[in-house]
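The values are calculated or read from the model by the stated rules, or taken from the named source; none is laboratory data. Quick caveat, the model's predicted, so the values are computed rather than measured. For neighbour counting, all protein chains shown are included, and Cβ atoms are generated from backbone atoms with ideal geometry for every residue, glycine included. Surface areas here come from the heavy atoms of the whole protein model, side chains and all, with no ligands, DNA or RNA. Shrake-Rupley method; radii C 1.70, N 1.55, O 1.52, S 1.80 Å.
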Amino acid sequence: MTLQETFTTRLRCCRERNHLSLEQLARATRIKRDMLDALERNDLGRWPCGVYARAWIRAYACAVGLDPIDTVDEFCRLYPHEIGRAHV
């Protein structure tokens with residue numbers, strides 16, 4: 001398992017441990033369910049980049065009880081291409 005897969009698996013496990021469905025998380029974060037599902041499958045192809053990606057990770061972390069600063073920092077380290085990729 002890659003470090004990225006470990007990260008997204010940890011997010012999913014934390015969500016499940018808190019008994020939150022993807023639908024509940026989507027309502028809490030205002031992120032579409034399919035985008036959250038893609039994150040948990042480590043498929044960020046349609047995710048936003050830059051500040052929006054960081055904001056979505058922060059929202060996810062807050063909703064499931066993770067430290068948002070540490071989670072965003074880890075995301076930025078593991079997915080540097082997602083932070084800087086331009087919109088196409």
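Do the conditions hold for A28, that is, is it without any contact (Cβ under 8 Å) to a residue 40 or more places away in the chain and over 12 Å from the mean Cα position of the chain (by Cα)? Step through it out loud before you land on a result.
Working: without any contact (Cβ under 8 Å) to a residue 40 or more places away in the chain: yes; over 12 Å from the mean Cα position of the chain (by Cα): yes.
In short, yes.
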Here are T2, T9: which of them is open to solvent by less than 50 Å² (accessible area, probe 1.4 Å) and hydroxyl-bearing (S, T, Y)? T9
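Starting from residues that are open to solvent by 20 Å² or more (accessible area, probe 1.4 Å) and assigned to a loop (DSSP other than H, G, I, E, B), keep the ones in region 69-88 and report whichever is modelled with the lowest pLDDT. Break it down stepwise before answering.
Step one: filter region 69-88 for residues open to solvent by 20 Å² or more (accessible area, probe 1.4 Å), giving 69-70, 73-74, 76-78, 80-81, 83-88.
Checking which are assigned to a loop (DSSP other than H, G, I, E, B) leaves us with 85-88.
Working: R85: 46, A86: 42, H87: 41, V88: 36.
The selected residue is V88.
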When both residues are 6+ apart or on different chains and their Cβ atoms are under 8 Å apart, which pairs have a first residue that lies in region 67-87 and is farther than 16 Å from A55 by Cβ, and a second that is at pLDDT 95 or above? L78/L3; L78/Q4; L78/F7
Please indicate, with yes or no, whether at least one residue in region 31-39 is in contact with a Phe, Trp or Tyr (Cβ under 9 Å, 6 or more places away or on another chain), among the charged types (D, E, K, R) and under 19 Å from Q4 (Cα atoms). no
